[in-house]
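K.L.:
Below is the structure I would like to discuss, written out as structure tokens.
Throughout, read-outs are computed from the coordinates displayed, never taken from laboratory work. For clarity, every value in this text was computed on a predicted model and none was experimentally measured.
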């Protein structure tokens, strides 16, 4: 949890030092590690791929526990990892493109002419 606090304080280098060599076994510890790694990646101090792996592991753990709060935190870790991989931006562009195409298709279907 200390590393996550260091991320929140804006010190990703120190957070990575804190995490170095740690292998948390508890679900809260692993969630904190995933969030800290994703946060450090967001600040340009860690590899987004590592945050992605840890976030995926945490999601699996969270699903196994069935605890809502754990699922929420695991989702945050996955969202942070996706953001650092730039997947969220790409997904929003695909969604925008799909909406435009669907709107155009509806226009063609209703009027018989292309939009």
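K.L.:
Work out, in µm²/s and without decimals, the Stokes-Einstein translational diffusion coefficient of segment 2-84 at 10 °C, 1.306 mPa s, Rh from Kirkwood over C-alpha pairs. Don't skip to the answer; put the middle values down first.
P.N.:
Working: Rh = 12.2 Å.
Translational diffusion coefficient: 131 µm²/s.
K.L.:
Also, I was wondering about something else. Stretched out fully, how many nm does the piece from residue 43 to residue 63 gain, at 0.36 nm a residue minus the Cα gap?
P.N.:
On the way: separation 20, 0.36 × 20 = 7.20 nm, distance 2.82 nm.
Separation in residues times 0.36 nm, less the Cα-Cα distance, equals 4.4 nm.
K.L.:
Mind checking the full-extension length gain between residue 71 and residue 5? Use 0.36 nm per residue of separation minus the Cα-Cα distance, one decimal, nm. It would help to have the intermediate numbers written out before the result.
P.N.:
Working: separation 66, 0.36 × 66 = 23.76 nm, distance 2.01 nm.
Residue separation times 0.36 nm, minus the Cα-Cα distance, leaves 21.8 nm.
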